[in-house]
Each structure stands twice: as C-alpha cells, then as structure tokens.
Amino acid sequence: MSMSESPKADGPVAGHLGGRCAVVTGGGRGLGRGITEALVAAGADVVVLARQPVPADLVEAAARHGRSIEGRQVDLHDAAALESVATELLVEREVDILVNNAGMQHRAPAAEFPLQAWDDVLAVNLRAVFQLCQLLGAPMLQRGRGSVVNIASLLTFQGGITVPAYAASKGAVGQLTKALCNEWAGRGVNVNAVAPGYMATDMNEALLADLDRLRAITERIPAGRWGTPEDIGGVVAFLCSPAAQYIHGQVIAVDGGWLAR
Ligand SMILES: NC(=O)c1ccc[n+]([C@@H]2O[C@H](COP(=O)([O-])OP(=O)(O)OC[C@H]3O[C@@H](n4cnc5c(N)ncnc54)[C@H](OP(=O)(O)O)[C@@H]3O)[C@@H](O)[C@H]2O)c1
C-alpha cells in the first residue's frame, strides 16, 4: 500500500508527531519507505539519508499531507561524508527523531567470508548507527528531548546461517541500544530498537528466490505471512510518539510471532 492510499494519515495516530523533524537512513525504499510514510502520516517532516535520491512519488504524497520529505545523498560507509552531511543538516534543522534503518547484507560461509565484506557490513550496520546517534543525539540531549529508533533484526537474537557479519552487527545494534538507553533515558532521549522478522524486500532477494527455503520460513511464522514495510512503520512511529515516553532500551520484535515459536 502506498502512502497516498494509506488510511494512516486519518487514523488514530495522525498528528501525534506534529511538525517534528525525523531523519531516516535508507528511508526511500524497502522498510525505510514504510517508516518514512508512517512518520509523515503521524505529522513529521522527514529527511532521508541514502545513496539514491528519494522517489518523487514519496515526496509528492507527503506534500499532499502538508509535510516535506527531503533527501540528502550520502554513503554510510564514508564516516567523513556522513559527519559533514549531519553537521550541515543541524545548522538548518532541529532534529527530533533519528531512525537508523539503512543496512546491508553479505552472504558467504563463515570460513570463507571476505574480511572486506565484514568491514563493509560493520561500517554500515553498526559504525554509522553509532556515529549518527552521536551526531544527532548530542543536540537532543542538550534540549532534553528526542527519540532514536535503531532497526535491529531477528539476528539480534539468533545466529543465522552464512551471515556472520550481519548477525554480529545486529547483535551489537541491540546492545548499543541498551548502552545508549542507560546513558540517555534520564536525559529525556528515548533509545529503542525494532527487530523486524522476515520482510519481502530487496535485502531478501536470495531467500525469496529459493522456493524451498521460502516455504520453510513461511510455515514457521505463526502469523502465516512475511511482514511488510507498513508493519514496521507503525511501530516506529509509535516509539517516537508521546505514548511511548516511558519505553527505553527495548528491542521490540515485529516478526509475526517467529521468536515465540
Ligand atoms: N528485510 C528483512 O527481512 C529485514 C529483517 C530484519 C531487519 N532488517 C533491517 O531493516 C533495515 C532495512 O532493510 P530492507 O529490508 O529495507 O533493505 P533494502 O530493501 O535492501 O534497503 C536497504 C536500505 O538501506 C540503504 N542503504 C544501504 N546501504 C547504504 C549505504 N552504504 N549508504 C546509505 N544508505 C544505504 C538503502 O538506500 P540506498 O540504496 O539509496 O543507499 C536502502 O534504503 C536494515 O537495517 C535491515 O538490516 C530487514
């Protein structure tokens, strides 16, 4: 469902983020698109940090809701570029919400896993998350108000197969979320994580193409289906809302019941 068709704009959460500015990494496609749409529907303006421009239809749909979505192109591998984009942004805008959504995957058996791929995955999935928490979290701490949501994974809890760097990075995202909570909860900044289950996005192209694996995974999900960007977006918007003010340091699985099985 696209934002233009979504009932969320008129739903019970509409306006609860009225006028807040949210930064969403990778917010133009995949799960990030669902997160951007949900934040806009709840009343936020969104700045997307990603390598590609924000799709025009997403920007136009937000404008129809009276909200803005702006893209700033940056490769999260590049710590210096990320610092300068974030610094420029903070000169122009007060950022109230940070959603560290962007992530990458590399699949190879652990014994042959290339170290370069290890470094790439850790740089995007973990270092950039911490760097943005530092850069955008510091002014939130000064104001005594803000929300950070990190996108974790089932592999924050489980080890996976042939994805050692991804599992290590996402395990660390869960621990980083708790570490920041312990320092920041008393200073008005909520830091939480959402752990999506199996979602049909570009990241899972290889799994979706393997029909035996696809069937086995789907049969194990109690809800009987893979998740959607909308399933994640609503939970992220909730975690950034006043209703979640006393939620700190949680890693919330949104997985159709996978971890309960
Ligand atoms: N799909 C799942 O089943 C699943 C499950 C659990 C957790 N997750 C997590 O959810 C998040 C989103 O995943 P997804 O499934 O939506 O993946 P996706 O469809 O592959 O999208 C990845 C997003 O990350 C951005 N990105 C990747 N590398 C980047 C880089 N070097 N610099 C800047 N942006 C970068 C991409 O934007 P550009 O290409 O424009 O740069 C894109 O928006 C990730 O953290 C992923 O680990 C996904």
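Values computed for the structure shown
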quantity: Net charge contributed by nearby residues that have their C-beta within less than 14 Å of Ala63 (K/R +1, D/E -1); calculated: -3
quantity: Dipole of the stretch 148-261, positive direction: furthest Cα of Gly188, Gly171, Ile151, with charges on the beta-carbon; calculated: Gly188
quantity: Cβ crowding within 10 Å averaged over residues, with 75-88, 246-259, 223-236 ranked highest first; calculated: 223-236, 246-259, 75-88
quantity: Unit charges on C-beta of K, R, D, E only; dipole of the chain, Debye; calculated: 620
quantity: Order of Tyr198, Tyr166 under a 10 Å beta carbon neighbour criterion, fewest first; calculated: Tyr198, Tyr166
quantity: The stretch 43-111 and the stretch 185-261: distance between their alpha carbon centers, rounded to Å; calculated: 20
quantity: Other-chain or far-sequence residues with amide H under 5 Å of Met199's (modelled H); calculated: Gly227
quantity: Scattering curve values for the chain, log₁₀ I(q)/I(0), Debye with Cα scatterers, q = 0.13 Å⁻¹; calculated: -0.80
quantity: Cα-centre dipole for the stretch 65-184 with unit charges at Cβ (Lys and Arg positive, Asp and Glu negative), debye to 20; calculated: 440
quantity: Dipole moment magnitude, nearest 20 debye, the stretch 106-261 about Cα centre, only Lys, Arg, Asp, Glu C-beta charged; calculated: 540
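Here, each number is a calculation from the coordinates, and none is a lab measurement. The shown structure was predicted, so the numbers you read here are calculated from the model rather than taken from an experiment. Positions of Cβ are generated from backbone atoms using ideal geometry, with glycine treated the same way; all protein chains shown enter the neighbour counts.
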